[in-house]
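This report refers to the structure that appears directly beneath it.
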Amino acid sequence: METKLKELKMQLLEIDDLESAAALLSWDQNTYMPPGGAPARGRQMATLQRLAHEKSTDPALGKLLDDLQPYAESLPPDSNDACLIRVARRDYERAVRVPPSFVAQFSEHTSASFQVWKAARPENDFSQVQPYLEKTVDLSRQLADFFPGYEHIADPLIDFADYGMKASTIRAIFADLREQLVPLVQAITDQPPADDSCLRQTFPAADQLAFGLQVIHRFGYDLTRGRQDQAPHPFTTEFSVGDVRITTRVRENNLGDALFSTMHEAGHAMYEQGVNPELDGTPLAQGTSSGVHESQSRLWENLVGRSRGFWRFFYPQLQDQFPDQLKHVDLDTFYRAINKVERSLIRTDADEVTYNLHVLLRFDLELRLLEGQLAVRDLPEVWRERFQADLGIAPPDDQDGVLQDVHWYAGTVGGMFQGYTLGNILSAQFFDAALHTHPEIPAEIEQGQFDTLHGWMRENIYRHGRKYTASELIERVTGGPLDIEPYVRYLQEKYGELYHL
Ligand code: ZN
């Protein structure tokens, strides 16, 4: 068994090497590659991904996993090797179910769809993407059908990002959350809006980057195993536990943009940096689900980075960095500005309170499209109606409505959005659990100290990588299932105080 286990690890390592090389090419494409590199780069990445896919579906790998099954069952279920064999088998079984011809057809379709969307959005023309989106819905249904036995057709697609979660469970959780959020948004927006003009002065890019980097360094983002570069859309990418990089985008006329997205990506990156090095190069060395991943970005960005305690420590430093802009802006004004709540059209610019309503709407529409309850041609109209009902405004056009997110135009319909809100819910649940063990954390944050919080996250969440599913991890960490109560309480307390509710 020792030799077979070694052989398995060798094969998995080669898959990981190919995937990491492709990821590095993608990082370069988004940061430093000159435009002339584009045609060859697309081909180079596709070649590496094809080789990785071939290796991931190699029948020899399946045979090895079969041979190792009795050994895995003889081990304690949460030992590294038992988890490795279990997760590698899950990945293998998933990969072999989808025929290579379908994978090729789907990826050809999504890249064509993406190109059309890129032109259609600025032209505000949904009719261009409509036939592509109809085909995407159709292909997404076909993809789900490679995994028979589901309860809801979206379940297999949700599984790709949030393994083990089901449409029915998420639908119920989101309905509860919506019931809490709609009146909260109403109550807040009945008040006079916060003044955030202090954030919209001119802030030199280099100073913004320096400040953000100093903050995440204090959080515990390890710069000997990471780096920050600029890219059109912020992202985190991991090549090994020893090399987890983030990117950011700076707008000189908006202080919040780079700062909070830097904290957000650092949250993702600290998760990947915190995985037990013994798991490096294996399928276990990643975050366990999109929801848990997002819980980490949101925790550092919002629960820490948009808290009053955090800014009691950092605001004087920020004022020192930008004396001309902030000298006469007091902490309270700044705190209100970075937590301004408003009914707005664009998900990625939305505040903490309204953000989830943007996600819930997309999740529900995805399910209805997949169920055949909603036709693609009716989508723009239904989008506007639901937006009006939930957010109290309606997009004047499709550009800032149904065309705003790339997700449906470059991937599946189904499974794309739930992770964002699951992450918000979990961020509060995990933070609560950390505070339960370490009530001193808020006082430490006010001193600019994050070791206890970061250490707790590393010990309870990061180091496990994918050893536990999201549900197992939530149960282990919080003693119960996913629960919206801590998150709703957090929003009600914070915004109740801010808006005198
Ligand atoms: Zn994120």
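In the chain, helical runs assigned H by DSSP with n ≥ 4 each contribute -39500 (n - 2.57); averaged across all residues and rounded to the nearest 500, the mean residue ellipticity at 222 nm is -20500 deg cm²/dmol.
Provide, as a two-decimal number, the C-alpha radius of gyration of segment 126-173 over 2.2 N^0.38 Å, N being how many residues it has.
Numbers: Rg = 12.6 Å, N = 48, 2.2 N^0.38 = 9.6 Å.
Taking the Cα Rg and dividing by 2.2 N^0.38 Å, one obtains 1.32.
Give the dimensionless ratio obtained when the Cα radius of gyration of segment 1-123 is divided by 2.2 N^0.38 Å. Intermediate values should be presented prior to the final figure.
On the way: Rg = 18.5 Å, N = 123, 2.2 N^0.38 = 13.7 Å.
After normalising by residue count via 2.2 N^0.38 Å, the value is 1.35.
Going by a ≥ b ≥ c, the root eigenvalues of the Cα gyration tensor, does segment 194-283 fall in the rounded group (a/c under 1.5), the prolate group (a/b larger than b/c) or the oblate group? Intermediate results must be reported in sequence, preceding the final value.
On the way: a/c = 2.69, a/b = 2.55, b/c = 1.06.
Note, shape of segment 194-283 comes out prolate.
Tell me, rounded to the nearest percent, the portion of alpha carbon pairs in segment 71-128 spaced more than 13 Å apart. Please report the intermediate quantities before stating the final value.
On the way: 1189 of 1653 pairs.
Considering segment 71-128, 72 percent of its Cα-Cα pairs are separated by more than 13 Å.
Calculate, for the chain, the solvent-accessible area per residue in square angstrom, rolling a 1.4 angstrom probe over the heavy atoms of the protein chains. Write out the running numbers ahead of the final one.
Working: 21240 Å² over 501 residues.
With the other protein chains kept in place, the chain gives 42 Å² per residue.
Which entries in Lys55/Lys467; Lys9/Lys166; Lys55/Lys135; Lys4/Lys55; Lys135/Lys166; Lys4/Lys467 show an alpha-carbon gap greater than 26 Å?
On the way: Lys55/Lys467 22 Å; Lys9/Lys166 31 Å; Lys55/Lys135 29 Å; Lys4/Lys55 17 Å; Lys135/Lys166 24 Å; Lys4/Lys467 20 Å.
Among Lys55/Lys467; Lys9/Lys166; Lys55/Lys135; Lys4/Lys55; Lys135/Lys166; Lys4/Lys467, the Cα-Cα distance tops 26 Å for Lys9/Lys166; Lys55/Lys135.
With a simple spin-label model that places each label point 7 Å from the Cα along the Cα-to-Cβ direction, the separation between Glu14 and Gln492 comes to 5.7 nm. The alpha-carbon atoms of the chain define a convex hull whose volume equals 150 cubic angstrom per residue.
Leaving out ligands, DNA and RNA, and with a 1.4 Å probe, what % of the accessible surface on segment 378-436 is carbon or sulfur?
Details: 830 of 1660 Å².
Solvent-exposed carbon and sulfur of segment 378-436 make up 50 percent of the total.
With both partners inside segment 114-266, how many of the DSSP beta bridges are antiparallel, as a percent to the nearest 5? If I count the DSSP bridges inside segment 114-266, around 60 percent turn out antiparallel.
Working from the pairwise distances between different alpha carbons, so that the mean of 1/r is found and then inverted, what is segment 233-354's Kirkwood radius in Å? Mind dumping the intermediate values first?
Numbers: mean 1/r = 0.0624 Å⁻¹.
Its Kirkwood hydrodynamic radius stands at 16.0 Å.
Cα centroids of segment 309-387 and segment 390-443: 9 Å apart. Once you sort the root eigenvalues of the Cα gyration tensor of segment 201-251 as a ≥ b ≥ c, which label holds: rounded (a/c under 1.5), prolate (a/b larger than b/c) or oblate (the other case)? It is oblate, given that a/c is not under 1.5 and a/b is not larger than b/c. Taking the DSSP bridge list for the chain and keeping only pairs wholly inside it, about 60 percent are antiparallel. With each label modelled as a point 7 angstrom along the Cα→C-beta vector, the Glu179-Asn253 pair spans 4.4 nm. Taking amide H positions as modeled 1.01 Å from N, with prolines and chain starts lacking one, the residues under 5 Å from Asn254 and 5 or more places away or on another chain are Phe203. Principal axis extents of the Cα atoms in segment 292-444, from largest to smallest and rounded to whole angstrom, are 53, 40, 27. I need the Debye-formula profile for segment 170-210: one equal scatterer per C-alpha, no solvent, reported as log10 I(q)/I(0) at q = 0.20 1/Å, two decimals. With no solvent term, the Cα-only Debye profile gives -0.71.
Ligands, DNA and RNA left out, the accessible area of segment 1-122 computed with a 1.4 Å probe is 59% carbon and sulfur. In straight-distance terms, cross-link reach from Lys63 covers every one of the aspartates and glutamates whose alpha-carbon lies under 20 Å from its own, apart from those fewer than eight places away in the same chain; here that gives Glu2, Glu7, Glu14, Asp16, Glu54, Glu73, Asp81, Asp91, Glu93.
Placing pseudo-labels 7 Å out from each Cα toward the beta carbon at Ala375 and Ser74 gives an inter-label distance of 6.2 nm.
Any chance you could run the full-extension gain for Asp400 through Asn124? It's 0.36 nm times the residue separation minus the Cα-Cα distance, nm to one decimal. Mind showing how you got there, number by number?
Values: separation 276, 0.36 × 276 = 99.36 nm, distance 0.84 nm.
Additional length available on full extension: 98.5 nm.
Quantify, in whole percent, the carbon and sulfur part of the accessible surface of segment 268-341 (1.4 Å probe; protein heavy atoms only). Don't jump to the answer; show the numbers that get you there.
On the way: 1030 of 2350 Å².
Ligands and nucleic acids excluded, carbon and sulfur give 44 percent.
The values are calculated or read from the model by the stated rules, or taken from the named source; none is laboratory data. Note that the coordinates shown come from a computational prediction; the quantities given were computed from them, not determined experimentally. FYI the Cβ positions are ideal-geometry reconstructions off the backbone, even for glycines, and counts take in every protein chain you see. Just so you know, the surface numbers come from the protein's heavy atoms only, side chains and all, with ligands and any DNA or RNA stripped out. Shrake-Rupley method; radii C 1.70, N 1.55, O 1.52, S 1.80 Å.
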